[in-house]
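> Got a structure here, written out as structure tokens. Questions coming.
The values are calculated or read from the model by the stated rules, or taken from the named source; none is laboratory data. Since the model is a prediction, treat every value here as computed from it, not as a measurement. Cβ coordinates were reconstructed from backbone atoms using ideal geometry, including for glycine residues, and neighbour counts include every protein chain displayed.
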Amino acid sequence: MEAIKLQSMTDFVLEQRMRIFDEKNYEFSDFYKSITNYAKFLKQPLQLGFFVPCDLEGNVLEEVPYYADGIDKIEKYKKAREKVLFKGFEIHTLLNDETKRLTSPNGVFNVAWYNSEKGWYLSNGVSKMLVEGLIPYEIELSETAIKQIGL
């Protein structure tokens, strides 16, 4: 499947119009549904679980080997991974295991930080953003995000 990245609502609407109407597929309901879903998608407040697998309380989950902690933790991780909306975000350990950061795929910005006192928390600017705020960074959407939009 071709990579799909975040884009402005205007670009998305025009692209969908071309896809649906110019390909002689005149289903207006498909057009309306896709632009409505994308608008809702863009207006979601950012959450840590959009970038990396998290449990229901928002705690980052680390992938565990099958033999280490058993099937329950592996299944929990897999389900959390399926909810991630954006591809390529990475956790980097700084100096010691007490400080970590979650960075964008191109390393342009830090999404979240971890320290042993606070746990994981979104960076100041990110905590106030909606998904729409990530458009300039050309973030690739996961299969989950693509399904959520209805593409």
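> Scan Leu130, Leu151, Leu141, Leu134 and give me the residue that is under 24 Å from Lys40 (Cα atoms) and either of a type in the set (D, E, K, R) or modelled with pLDDT of 95 or more (or both). Please lay out each step first, then the result.
Details: Leu130 fails: either of a type in the set (D, E, K, R) or modelled with pLDDT of 95 or more (or both); Leu151 fails: either of a type in the set (D, E, K, R) or modelled with pLDDT of 95 or more (or both); Leu134 fails: either of a type in the set (D, E, K, R) or modelled with pLDDT of 95 or more (or both).
The match here is Leu141.
> Every residue in segment 112-139 that is loosely packed, with under 15 Cβ neighbours inside 10 Å, in contact with a strand residue (DSSP E or B) (Cβ under 7 Å, 6 or more places away or on another chain) and within 22 Å of Leu61 (Cα to Cα), please.
If the condition is that a residue be loosely packed, with under 15 Cβ neighbours inside 10 Å, in contact with a strand residue (DSSP E or B) (Cβ under 7 Å, 6 or more places away or on another chain) and within 22 Å of Leu61 (Cα to Cα), then Asn115, Tyr121 are the ones that fit.
> Separate question: Which one of Gly58, Gly49 is at pLDDT 80 or above, of a type in the set (Gly, Ala, Ser), in contact with a helix residue (DSSP H, G or I) (Cβ under 8 Å, 6 or more places away or on another chain) and on the phi > 0 side of the Ramachandran plot?
Details: Gly49 fails: on the phi > 0 side of the Ramachandran plot.
Gly58 is the lone residue from the list that is at pLDDT 80 or above, of a type in the set (Gly, Ala, Ser), in contact with a helix residue (DSSP H, G or I) (Cβ under 8 Å, 6 or more places away or on another chain) and on the phi > 0 side of the Ramachandran plot.
> Moving on. Among the residues of segment 111-126, which ones are more than 14 Å from the chain's Cα centre (by Cα) and either of a type in the set (D, E, K, R) or on the phi < 0 side of the Ramachandran plot (or both)?
Taking segment 111-126 first, the residues more than 14 Å from the chain's Cα centre (by Cα) are 113-121, 123-125.
Within segment 111-126, Trp113, Tyr114, Asn115, Ser116, Glu117, Lys118, Trp120, Tyr121, Ser123, Asn124, Gly125 qualify.
> Still on this model: Conditions: (1) exposed (fewer than 15 other Cβ atoms within 10 Å of the Cβ); (2) modelled with pLDDT of 90 or more. Gly107 meets all but one. Number of the miss?
Among (1) exposed (fewer than 15 other Cβ atoms within 10 Å of the Cβ); (2) modelled with pLDDT of 90 or more, the lone unmet condition for Gly107 is (2).
> Does Ala112 satisfy being touching a residue at least 60 places away in the same chain (Cβ under 8 Å) and farther than 27 Å from Thr10 by Cα?
On the way: touching a residue at least 60 places away in the same chain (Cβ under 8 Å): yes; farther than 27 Å from Thr10 by Cα: yes.
For Ala112, the condition - touching a residue at least 60 places away in the same chain (Cβ under 8 Å) and farther than 27 Å from Thr10 by Cα - is met.
> I would also like to ask the following. Which numbered condition in (1) modelled with pLDDT of 85 or more; (2) within 17 Å of Ala145 (Cα to Cα) is the only one that Lys76 fails?
Only one criterion is unmet by Lys76, namely (2).
> A further question on this structure: Go through (1) free of Cβ contacts under 8 Å to residues at least 40 places away in the same chain; (2) in contact with a His (Cβ under 9 Å, 6 or more places away or on another chain) one by one and return the number of the condition Lys147 breaks.
Condition (2) is where Lys147 drops out.
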